[in-house]
Amino acid sequence: MSSADQPPTDSTPTSTDYGDFEFIVVSNRLPVDRVTDDDGSSSWRRSPGGLVTALAPVMAKADGAWVGWHGAPDETLESFDEANMRLVPVPLSEEEVELYYEGFSNATLWPLYHDVIASPEFHRTWWDSYRRVNERFARATAAVASEGATVWVQDYQLQLVPKLLREARPDLKIGFFNHIPFPPLEIYAQLPWRRQVIEGLLGADLIGFQRPSDASNFLRCVRRFKGHTIKAQQVHVTGENGEFSYVSRAEAFPISIDAGAIAELARREDIIERSREIRRELGNPEHILLGVDRLDYTKGIGHRLKAYGELLEDGNITVEDAALIQVASPSRERVEQYRLLREDIEGAVGRINGTYDTMKNTAIRYLHHSYPVEEMVALYLAADVMLVTALRDGMNLVAKEYVAARTENRGALVLSEFAGAADTLRQAILVNPHDIDGLKAAIVKALTMPKAETTRRMRIMRRQVLQNDVERWSKAFLDALHNGHEEES
């Protein structure tokens, strides 16, 4: 058993020896999926996703390692090499998956950080497991990091890791990126362990957020619950004796996608033909609307279906002229709240289709599946209107993928103002999804907007997405992390 895989303890991680890797990414999951072959043997395949795409070149150049759980509970694996990087599996027990991940991460922090759309639960056993798992991640990271290495910790499941790393390895450059929103002080204040989480995050030299408002929310919480001096987004962290220790900064770095790869797929003839086939399968309606979401209560799928159903009832659209495709990929199906959400969504789809379907046409084509990126791009090409109605979203990369795929600068994007993407995709039709009448009006506007206007808007949005891709995001963050260190030294 390697030092990275030792059983957990409640002590602060310590390290007496330096590791071999100059750049380490730490996330809840490793960037690979296990694949079982026909003969029963297993292998690893790189996971899809922008974060892996953005960081793979950095890994290749800088002796990179990735620390994370490999996805199977109650299994301990040694470190291994895959896709030009060292992968360091951190083991989790079945109980820890339940308490740390499904519990504290996704039933406490997730709803709390998404404006309590659902009520967060606060359980001390969940917090204890979260703390122990964060200690294990920090210990695994400290063991593989070379002297002066750069460590980039990802997301809300690991908010305690930066401080633990700073205590164990003060030589490290530590960055943290929060992929989901950070709540206002008045909401964050509900968390019983609010000070411990803030202390954990302040262990990072640079804390990145999706939106400036998220960074501002965090700094307000720092001021309220820790009392540190804050100047120009820099937190002057002091020790228990009140003496200055170091500077931690909080800034916005809006994440993006591998826009070039999406655009390249959108130009492939087989994918273009698949988009035409999708339209034929729906009876060649004049308009296709598309929603693509993880099945989550933050995504506003119910609000979208309500607005669409009322448009059909009002006669503003008909099933002969328009069809809505709703992709709702499975999510946290072991959690009761998500099972109930699925029942509600599927019930709403059934009621609308039962009322308005004809023998030839369907109102809503509901797809509870995950699809490969090629099929997703075909759907983006087939859709005249993209509906993103999130009630709260850190960014929403689907909106950016749709824009990147529209190589002919056609199509309209209806975008919630509560998604981080609304900060930069200002030519979208912005909407408050809680306002059902406003949402209905936005959908009608998207369907009836003159082609010259949709082309103008889409051209501006595509330029923004293509110029600010995920590689530029990662470079901006890492440059700021290193430049900040140089300035403070």
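Would a scan of the range 153-161 turn up a residue that is part of a strand (DSSP E or B), open to solvent by less than 20 Å² (accessible area, probe 1.4 Å), in contact (Cβ under 8 Å) with a residue 60 or more places away in the chain and not charged (D, E, K, R)?
Narrowing the range 153-161 to residues part of a strand (DSSP E or B): 153-154.
Filter once more, so that each one left must be open to solvent by less than 20 Å² (accessible area, probe 1.4 Å): 153-154.
Adding the requirement that they be in contact (Cβ under 8 Å) with a residue 60 or more places away in the chain leaves 153-154.
Right, trim to not charged (D, E, K, R) and you get 153-154.
Yes: one or more hits.
The criterion of being of a type outside the set (Ser, Thr, Tyr) and closer than 27 Å to Val403 by Cβ does not hold for Ile352. Is it the case that Ala72 is small (Gly, Ala, Ser), more than 28 Å from Gly300 (Cβ to Cβ) and either in a loop (DSSP other than H, G, I, E, B) or touching a strand residue (DSSP E or B) at 6+ places or on another chain (Cβ under 8 Å) (or both)? Against the criterion (small (Gly, Ala, Ser), more than 28 Å from Gly300 (Cβ to Cβ) and either in a loop (DSSP other than H, G, I, E, B) or touching a strand residue (DSSP E or B) at 6+ places or on another chain (Cβ under 8 Å) (or both)), Ala72 qualifies.
Looking across the range 257-299, the residues that are closer than 30 Å to Ala107 by Cα and not hydroxyl-bearing (Ser, Thr, Tyr) come down to Ile257, Leu290, Gly291, Val292, Asp293, Arg294, Leu295, Asp296, Lys299. The set of residues in the range 425-464 that are under 21 Å from Pro254 (Cα atoms) and more than 25 Å from the chain's Cα centre (by Cα) comprises Arg457, Arg459. Condition first: in contact (Cβ under 8 Å) with a residue 40 or more places away in the chain and open to solvent by 40 Å² or more (accessible area, probe 1.4 Å). Can you find one or more residues in the range 437-446 that meet it? Yes, because at least one residue in the range 437-446 is in contact (Cβ under 8 Å) with a residue 40 or more places away in the chain and open to solvent by 40 Å² or more (accessible area, probe 1.4 Å).
Using the structure shown, decide if Ser256 is outside any helix (DSSP H, G or I), among the polar types (S, T, N, Q), open to solvent by less than 50 Å² (accessible area, probe 1.4 Å) and modelled with pLDDT under 95. For Ser256, the condition - outside any helix (DSSP H, G or I), among the polar types (S, T, N, Q), open to solvent by less than 50 Å² (accessible area, probe 1.4 Å) and modelled with pLDDT under 95 - is met.
Looking across the range 194-218, the residues that are surrounded by fewer than 20 Cβ atoms within 10 Å (Cβ to Cβ) and not small (Gly, Ala, Ser) come down to Arg194, Arg195, Gln196, Glu199, Pro212.
Checking the stated criteria, Val35 turns out not to satisfy the condition of being crowded, with 16+ Cβ neighbours inside 10 Å and either among the β-branched types (Val, Ile, Thr) or in contact with a Ser or Thr (Cβ under 6 Å, 6 or more places away or on another chain) (or both). Considering only residues in the range 320-329 that are surrounded by fewer than 21 Cβ atoms within 10 Å (Cβ to Cβ) and over 24 Å from the mean Cα position of the chain (by Cα), the one that is farthest from Gly291 (Cα to Cα) turns out to be Glu320. Restricting attention to the range 106-125, the residues that are surrounded by 17 or more Cβ atoms within 10 Å (Cβ to Cβ) and part of a helix (DSSP H, G or I) add up to 8. The residues of the range 219-248 that are buried (at least 21 other Cβ atoms within 10 Å of the Cβ) and touching a residue at least 40 places away in the same chain (Cβ under 8 Å) amount to a single one, Ser248.
Given the conditions (1) surrounded by 14 or more Cβ atoms within 10 Å (Cβ to Cβ); (2) at pLDDT 95 or above, and given that Ser370 satisfies all but one, which numbered condition is not satisfied? In the conditions (1) surrounded by 14 or more Cβ atoms within 10 Å (Cβ to Cβ); (2) at pLDDT 95 or above, Ser370 misses (2) alone. Checked against the criterion of being open to solvent by less than 30 Å² (accessible area, probe 1.4 Å) and either modelled with pLDDT under 95 or over 19 Å from His303 (Cα atoms) (or both), the candidates Thr362, Thr358 yield just one match: Thr362.
For Glu186, indicate whether it is open to solvent by 50 Å² or more (accessible area, probe 1.4 Å), at pLDDT below 95, at negative phi and of a type outside the set (Phe, Trp, Tyr).
Here the answer is no, as Glu186 does not meet what is asked.
Comparison of Arg332, Arg351 shows that the only residue that is of a type in the set (Lys, Arg), part of a loop (DSSP other than H, G, I, E, B), over 15 Å from Asp384 (Cβ atoms) and open to solvent by 20 Å² or more (accessible area, probe 1.4 Å) is Arg332. Candidates in the range 76-105 are the residues that are part of a loop (DSSP other than H, G, I, E, B) and under 23 Å from Phe23 (Cα atoms); of these, the one that is most open to solvent (accessible area, probe 1.4 Å) is Asn84. Every listed requirement among (1) in a strand (DSSP E or B); (2) over 24 Å from the mean Cα position of the chain (by Cα) is met by Asp38 save one, (1). Scanning the range 60-67 finds no residues that are open to solvent by less than 40 Å² (accessible area, probe 1.4 Å) and without any contact (Cβ under 8 Å) to a residue 40 or more places away in the chain. Considering every residue within the range 360-369, establish whether at least one is small (Gly, Ala, Ser), under 26 Å from the mean Cα position of the chain (by Cα) and within 15 Å of Leu290 (Cβ to Cβ). No - not one qualifying residue is present in the range 360-369.
Scanning the range 141-152 for residues that are within 15 Å of His482 (Cβ to Cβ) and of a type outside the set (Gly, Ala, Ser), we see that the one that is surrounded by the fewest Cβ atoms within 10 Å (Cβ to Cβ) is Thr150.
The values are calculated or read from the model by the stated rules, or taken from the named source; none is laboratory data. Small disclaimer: the values here were computed from a predicted structure and weren't measured. Ideal geometry is used to build each Cβ from the backbone, glycine not excepted, and the neighbour counts take in all protein chains shown. Accessible surface is based on the protein model in full, side chains and every heavy atom, while ligands, DNA and RNA are left aside. Shrake-Rupley method; radii C 1.70, N 1.55, O 1.52, S 1.80 Å.
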